[in-house]
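The values are calculated or read from the model by the stated rules, or taken from the named source; none is laboratory data. From a predicted model like this one, the values you see are computed outputs, not experimental measurements. Reconstructed Cβ throughout: ideal geometry from the backbone, glycine too, with neighbour counts over all protein chains shown.
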Amino acid sequence: MGIVRVRFAPSPTGALHIGGVRTALFNWLFARHHKGTFILRIEDTDRSRSTEESIRIILEGMKWLGLDWDEGPYRQTDRMEIYREHVDRLLKEGKAYYCYCTPEELEARRKQALAAGRPPKYDRKCLGLKDPLAGRKPAVRFLSSDEGQTVVRDLIRGAVSFDNKQLDDLIILRSDGVPTYNFAVVVDDVTMKISHVIRGDDHLNNTPRQIQLYRALGYEPPEFAHLPMILGPDKTKLSKRHGATAVTEYEDMGYLPEALVNYLARLGWSAGDQEIFSRDELIEKFNLENVGKAAAVFNPEKLLWLNHHYIQQAETERLADLLLSLFKKDGTVRPGGEPDREWLKKLVGILKERSHTLLEMKQSALPFILDEIKIDEKAGAKHLTLDAAGLLQELAGRLKTIDPFVHAEIEKVFNTIVQERGVKLGKIAQPVRVALIGGTVSPGIYEVIEVMGKDKTLNRIEAALRLIGARS
RNA sequence: GGUCCCAUCGUCUAGCGGCCUAGGACGCUGGCCUCUCACGCCGGAAACACGGGUUCGAUCCCCGUUGGGACCA
């Protein structure tokens, strides 16, 4: 393969969307695999809908996912002269013409055509016009060919042909001087020397007109690869109404970027039976040949499973940082009141196995961080009973004397009580659990006690005993 | 409506004419482990949309039907 230059070209009209990320990822992987160049281009010609904020979100999302770009971000609004020059060239060569028709006129004629059973194609009313129409600013239309076919040679779909007579003379420059999407994209891709246009399936129908534009401009079209869409559970194009679709939402929900990358990579692409890919493996194995043709339904459960996997893989150090920043964000931990780092790592250590997201981990960490806990009513009623009180009392007494307050020693205490009293471990473990964390779900009780520490443990057992006393 | 695309378990997919009584993964589910919940381990149910061809032989090739999607308006 020659020099690979690919691009991701989002419109900054909102969040960075899952579908967009997948397109970006495939472009990025393709570039990295072929040691090519990955270019970021902001398609902001729609000034009314484009915002700076949105550009910022896109750039941050790309960084979060580790999709670094080699050139750009370019902006279409900085390139207006380039489009203008290309329009002028087509005009001069008779390959484009001014059109003075207003949107209202066009709409009316289209309806007429439809009513008369004719295809609603532009009727070329302005094609032969010699003199400008006074008082009207013209748009510029591309004079497309009526005959033959335009064949898109797509790397994923093979040859797809379109009858040229289906394509009408599309507007390339609006009357306000702004180029249309199909024109700007061609000029950009050509001037940026893009070798492979890898984009969503929804653009396949645009491709024949773009190919005609390349030719009219005297350029060789690039290679094309149209990626299958990502669908929601109802099998329509994934959109906001399907729930979380913005990258930032996944970040906020406690997903790791590598989980999202791995998940998205396998959506529409595969390498045999492999499910888990490191970033380097992805780069090494990615190819367009193994990209499928059928649209794929986005499956949050599988993403959750991958996230769990990557949380297990992640360095404790990193998870501790992430957890701490979550606590700072919601005010649980105030500046200056940070917990001891080694202790936090120990906490993460006992929590990570059962956490599918960072948010879940945060939730389980709460009883360890907070000074006060609230005891779940049902759990309290069930486990903090008069029977349990005696056991808790004894446990507290024995825990007090333990010197290295560690798992092994704590376990010994439990074993002693279990043996002497002849009760099942559960009879004592559950009440303690409820006393310490307020509910019935937690890591192993010995580790919980160790991480909780002697003071907190004894205090909470006492509080539980008072609660039992007050109740009876 | 016109044009184009697509079609293997609920979902993501492997399969590129015989290796398929169709493999893996998520999810679901039975069991084991167990101080709770998980994790983990072992097992299970679950698909080639339909109809024609081509071929000694079709999940795989061709045509049609059906279904879904996208784009244009």
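Data overview
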{"quantity": "A:Lys130 vs. criteria in a loop (DSSP other than H, G, I, E, B) and within 11 Å of RNA strand B (Cβ to nearest atom)", "calculated": "no"}
{"quantity": "Single match in A:Ile428, A:Ile375 (criterion: surrounded by 16 or more Cβ atoms within 10 Å (Cβ to Cβ) and part of a helix (DSSP H, G or I))", "calculated": "A:Ile428"}
{"quantity": "Which numbered condition A:Leu267 misses (of (1) surrounded by 21 or more Cβ atoms within 10 Å (Cβ to Cβ); (2) away from RNA strand B (no atom under 12 Å from the Cβ))", "calculated": "(2)"}
{"quantity": "Filtered residues of segment A:191-210 (kept if buried (at least 19 other Cβ atoms within 10 Å of the Cβ), closer than 21 Å to A:Lys95 by Cα and more than 10 Å from RNA strand B (Cβ to nearest atom))", "calculated": "A:Gln210"}
{"quantity": "Subset of segment A:283-333 [of a type in the set (Asp, Glu), near RNA strand B (Cβ under 8 Å from one of its atoms) and over 18 Å from A:Gly254 (Cα atoms)]", "calculated": "A:Glu289"}
{"quantity": "Breaking point among (1) in contact with a His (Cβ under 9 Å, 6 or more places away or on another chain); (2) assigned to a loop (DSSP other than H, G, I, E, B), for A:Ile402", "calculated": "(1)"}
{"quantity": "Residue list for segment A:16-56, restricted to those being in a loop (DSSP other than H, G, I, E, B) and of a type in the set (Val, Ile, Thr)", "calculated": "A:Thr45, A:Thr51"}
{"quantity": "Residue in segment A:221-233 that is of a type in the set (Gly, Ala, Ser), within 8 Å of RNA strand B (Cβ to nearest atom) and at pLDDT 90 or above present", "calculated": "no"}
{"quantity": "Test: residue in segment A:245-252 that is farther than 23 Å from A:Ile58 by Cα, within 14 Å of RNA strand B (Cβ to nearest atom) and either out of contact with any Phe, Trp or Tyr (no Cβ under 8 Å at 6 or more places or on another chain) or modelled with pLDDT of 95 or more (or both)", "calculated": "no"}
{"quantity": "Test for A:Arg5: is it more than 19 Å from A:Trp269 (Cα to Cα) and either buried (at least 19 other Cβ atoms within 10 Å of the Cβ) or aromatic (Phe, Trp, Tyr) (or both)", "calculated": "yes"}
{"quantity": "Criterion: in contact (Cβ under 8 Å) with a residue 12 or more places away in the chain and under 30 Å from A:Val291 (Cα atoms) - qualifying residue of A:Arg141, A:Arg75", "calculated": "A:Arg75"}
{"quantity": "Neighbours by Cβ (under 7 Å, 6+ apart or cross-chain): first from segment A:23-50, in contact (Cβ under 8 Å) with a residue 60 or more places away in the chain and crowded, with 21+ Cβ neighbours inside 10 Å; second among the charged types (D, E, K, R) and in a loop (DSSP other than H, G, I, E, B)", "calculated": "A:Ile39/A:Asp70"}
